[in-house]
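Asker: Take this structure, written in structure tokens, and hold onto it; I'll ask about it next.
The values are calculated or read from the model by the stated rules, or taken from the named source; none is laboratory data. Just so it is clear, the structure is predicted and the values come from calculations on it, not from any experiment. Cβ coordinates were reconstructed from backbone atoms using ideal geometry, including for glycine residues, and neighbour counts include every protein chain displayed. Accessible surface is based on the protein model in full, side chains and every heavy atom, while ligands, DNA and RNA are left aside. Shrake-Rupley method; radii C 1.70, N 1.55, O 1.52, S 1.80 Å.
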Amino acid sequence: MNTSESDIIDTIAAIATARGTAGIAVIRVSGDRAFEICEKVFFPKNNKKCFADIRANQAVFGEIRVGGKTIDEGVAVKFAAPYSYTGENTVELSCHGSVYIANTVLRAIIAAGARLAKAGEFTKRAYLNGKISLTGAEAVGRLIEASSDISARVALAQSRGGLSKAINRASEQIKQILSEVYVYIDYPDEDLTDMPPDIMLEKLEVIKNELQKLKNSYSAGKIITGGINTAIIGKPNTGKSTLLNMLSSRDVAIVHDTAGTTRDIIESKVNIGDFTLNLFDTAGIRNTSDEIENIGINRARDKINECSLIIGVFDIDGVNGDDLEIIKIMTEQKNMGKNIIALINKCDMNTQYLSKLNDLEEFEPILISAKENKEFKLGISAYEAIKNRLDRVYNLSDYNLDAGEILTEERQYFEICEALEAVNNASVVLKGGQTQDIAGLDLELAATSLDRCDSKSLSEDIVDRIFRNFCVGK
Ligand SMILES: Nc1nc2c(ncn2[C@@H]2O[C@H](COP(=O)(O)OP(=O)(O)OP(=O)(O)O)[C@@H](O)[C@H]2O)c(=O)[nH]1
Ligand SMILES: [Mg+2]
């Protein structure tokens, strides 16, 4: 990490609440000089004489003065190092949420000796001061961005060290093996016995399983944090835009019984149960000589390639020529490993034509009316039916989400893949009859990747462990 010393020595300040008019604004000040700086701006009322008299972790009402003039009244809370979010002396100053007042208070704090904090700098300090792990710090960013129940739950669990715990568990196991391998090599005269290869292989198998589970979790992690890019496709007039509007609970797209209504891609982000879908309504795909419609159809085809979930919408009237092209696209996309959901729409009109829909059987289509938000097999809402299908397709119950044991960043995924590959290599080396110290080289690499994943130093750690676990100096 590239952090100059002055970066950490400075006392930093920023408005911690959103920009704009609100009930209150909170200005956060962190660093060695936080208290003496705030003393020049905040003057406690009641029996307190001055800012220095305020006890830590106590909210105190007072006046905020700039240049000797009272500009607002507010509340200050002092947090004394190391018992604060950043691990440093910190003050959180609440004032009325006028943009003018908050900016004036911030300017006064800067004039008193603080510097404006950079993006994410409070959390960076929390990490540098050992208050939070690296993956925990990453999760704080996710928590702030969370737009659904599940993304908030996962980020909270990670910010509390959930992912760190899983990474540490694997890392500890690897270092334990390494310490046993090294003690044998370093002290050959100590009458220590070598770990039998099959025992070591068994231990590696356990670690491999844990890492594989973490690696697999990344696909769910991406879905939870970034949502699922979803293309709604079908021939014209099947009700794609009606579906988009129903799922969005608002009139996003124009709905009309003229075939070829939608031309541009229309985007809407919706939460369906545990999932956030980035929905793209597309132009109905058909053979047409209309130049503008064809531009829309080409855009639809491009969008399909960018999406990981395809929702194909069909009319209960039955599958005809243009539908066959949609089925072909769905099959191709499925073969590329994408998820497909088929919907047979307008079932409020008729359910007699089902026999004409055999071509869709392999996609287990859901019978719905997008217009009436109904499903026609279980009698639930179409929304509920789609939610249930998403649950089945993505099966998040496979993952330990509430423990935060899930990868959400590409960086984490990369390190876990490296670690897994290295542990795999160690197994191969052992199975090939090579000695444990050779396998140990791969385990070193695995441990380094895991340490990088939660960013701690490695070698000292291993050395410490050797002497902690074995009383070789007896
Ligand atoms: N009865 C009934 N009519 C529906 C349903 N869904 C859509 N419609 C009607 O079908 C017509 C076409 O709906 P759209 O949502 O515009 O269809 P689309 O697939 O977006 O059409 P294009 O944009 O032209 O490709 C409209 O008149 C809708 O009111 C449904 O579930 N039941
Ligand atoms: Mg449309």
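Asker: Could you grab me the full set of residues in region 212-238 that are within 16 Å of ligand 1 (Cβ to nearest atom) and open to solvent by less than 10 Å² (accessible area, probe 1.4 Å)?
Answerer: At the first step, the residues of region 212-238 found to be within 16 Å of ligand 1 (Cβ to nearest atom) are 230-238.
Within region 212-238, 230, 231, 232, 233, 234, 238 qualify.
Asker: Further, regarding this structure: Please state which of the following conditions residue 26 fails to meet, knowing it meets all the rest: (1) open to solvent by 10 Å² or more (accessible area, probe 1.4 Å); (2) in contact with a Phe, Trp or Tyr (Cβ under 9 Å, 6 or more places away or on another chain); (3) within 16 Å of residue 97 (Cα to Cα).
Answerer: Failed condition: (2).
Asker: Looking only at region 304-316, how many residues end up being farther than 21 Å from residue 245 by Cβ and either part of a loop (DSSP other than H, G, I, E, B) or at pLDDT below 90 (or both)?
Answerer: Residues that pass the stated criteria total 1.
Asker: From 315, 281, which residue is charged (D, E, K, R), open to solvent by less than 40 Å² (accessible area, probe 1.4 Å) and under 28 Å from the mean Cα position of the chain (by Cα)?
Answerer: Testing whether each residue is charged (D, E, K, R), open to solvent by less than 40 Å² (accessible area, probe 1.4 Å) and under 28 Å from the mean Cα position of the chain (by Cα) leaves just 281.
Asker: So residue 384 passes all but one of these: (1) at pLDDT below 95; (2) within 16 Å of ligand 1 (Cβ to nearest atom); (3) part of a helix (DSSP H, G or I). Which condition number does it fail?
Answerer: (1)
Asker: Here's a follow-up. Looking at (1) crowded, with 17+ Cβ neighbours inside 10 Å; (2) within 17 Å of residue 382 (Cα to Cα); (3) within 16 Å of ligand 2 (Cβ to nearest atom), find the lone condition where residue 250 falls short.
Answerer: Looking at each condition in turn, residue 250 falls short on (1).
Asker: Please name all residue pairs, on different chains or six or more residues apart, with Cβ atoms under 8 Å, provided the first residue is in region 302-316 and is within 10 Å of residue 229 (Cα to Cα) and charged (D, E, K, R) and the second residue is in a strand (DSSP E or B) and open to solvent by less than 10 Å² (accessible area, probe 1.4 Å).
Answerer: Qualifying pairs under 8 Å: 303/231; 306/231.
Asker: Which of the residues belonging to region 433-456 are at pLDDT below 90, within 32 Å of the chain's Cα centre (by Cα) and part of a helix (DSSP H, G or I)?
Answerer: Matches in region 433-456: 451, 452, 453.
Asker: Same structure again: Return only the number of the condition from (1) modelled with pLDDT under 95; (2) open to solvent by 70 Å² or more (accessible area, probe 1.4 Å); (3) within 30 Å of residue 154 (Cβ to Cβ) that residue 459 does not satisfy.
Answerer: Going through the list (1) modelled with pLDDT under 95; (2) open to solvent by 70 Å² or more (accessible area, probe 1.4 Å); (3) within 30 Å of residue 154 (Cβ to Cβ), residue 459 breaks only (3).
Asker: Restricting attention to region 286-295, does a residue exist that is open to solvent by 60 Å² or more (accessible area, probe 1.4 Å) and either closer than 23 Å to residue 392 by Cα or in contact (Cβ under 8 Å) with a residue 60 or more places away in the chain (or both)?
Answerer: No: zero hits.
Asker: Tally up the residues in region 239-282 that are within 11 Å of ligand 1 (Cβ to nearest atom), of a type in the set (Gly, Ala, Ser) and free of Cβ contacts under 8 Å to residues at least 40 places away in the same chain, please.
Answerer: Summing the residues that are within 11 Å of ligand 1 (Cβ to nearest atom), of a type in the set (Gly, Ala, Ser) and free of Cβ contacts under 8 Å to residues at least 40 places away in the same chain in region 239-282 gives 3.
Asker: Would you please name the residue that is farthest from ligand 2 (Cβ to nearest atom), looking only at residues in region 256-270 that are surrounded by fewer than 16 Cβ atoms within 10 Å (Cβ to Cβ) and not hydrophobic (A, V, I, L, M, F, W, C)?
Answerer: Among them, the one singled out is 269.
Asker: While we're looking at this one, here's another question. For region 17-56, name all the residues that are in a loop (DSSP other than H, G, I, E, B) and touching a helix residue (DSSP H, G or I) at 6+ places or on another chain (Cβ under 8 Å).
Answerer: 17, 19, 20, 21, 31, 32, 40, 41, 50
Asker: Scan region 403-432 for residues that are in contact (Cβ under 8 Å) with a residue 60 or more places away in the chain, open to solvent by 10 Å² or more (accessible area, probe 1.4 Å) and outside any helix (DSSP H, G or I) and jot them down.
Answerer: The answer is 405, 409.
Asker: Take residue 335 and decide whether it is under 30 Å from residue 214 (Cα atoms), away from ligand 2 (no atom under 16 Å from the Cβ) and at pLDDT 95 or above. Let's see the steps before the verdict.
Answerer: Details: under 30 Å from residue 214 (Cα atoms): yes; away from ligand 2 (no atom under 16 Å from the Cβ): yes; at pLDDT 95 or above: yes.
Spelling it out, residue 335 is indeed under 30 Å from residue 214 (Cα atoms), away from ligand 2 (no atom under 16 Å from the Cβ) and at pLDDT 95 or above.
Asker: Would you confirm, using the coordinates I've provided, whether residue 55 is farther than 12 Å from residue 94 by Cα, at pLDDT 95 or above and open to solvent by 50 Å² or more (accessible area, probe 1.4 Å)?
Answerer: no
Asker: Do we have residue 85 as closer than 22 Å to residue 120 by Cβ, out of contact with any Pro (no Cβ under 8 Å at 6 or more places or on another chain), hydroxyl-bearing (Ser, Thr, Tyr) and surrounded by fewer than 22 Cβ atoms within 10 Å (Cβ to Cβ) here?
Answerer: Details: closer than 22 Å to residue 120 by Cβ: yes; out of contact with any Pro (no Cβ under 8 Å at 6 or more places or on another chain): yes; hydroxyl-bearing (Ser, Thr, Tyr): yes; surrounded by fewer than 22 Cβ atoms within 10 Å (Cβ to Cβ): yes.
Against the criterion (closer than 22 Å to residue 120 by Cβ, out of contact with any Pro (no Cβ under 8 Å at 6 or more places or on another chain), hydroxyl-bearing (Ser, Thr, Tyr) and surrounded by fewer than 22 Cβ atoms within 10 Å (Cβ to Cβ)), residue 85 qualifies.
Asker: Can you name the number of the only condition in (1) open to solvent by 70 Å² or more (accessible area, probe 1.4 Å); (2) under 25 Å from residue 374 (Cβ atoms); (3) away from ligand 1 (no atom under 14 Å from the Cβ) that residue 334 fails?
Answerer: Among (1) open to solvent by 70 Å² or more (accessible area, probe 1.4 Å); (2) under 25 Å from residue 374 (Cβ atoms); (3) away from ligand 1 (no atom under 14 Å from the Cβ), residue 334 violates only (2).
Asker: Kindly provide the set of residues from region 296-308 that are open to solvent by 10 Å² or more (accessible area, probe 1.4 Å) and away from ligand 1 (no atom under 16 Å from the Cβ), ordered by number.
Answerer: Correct list: 302, 305, 306, 308.
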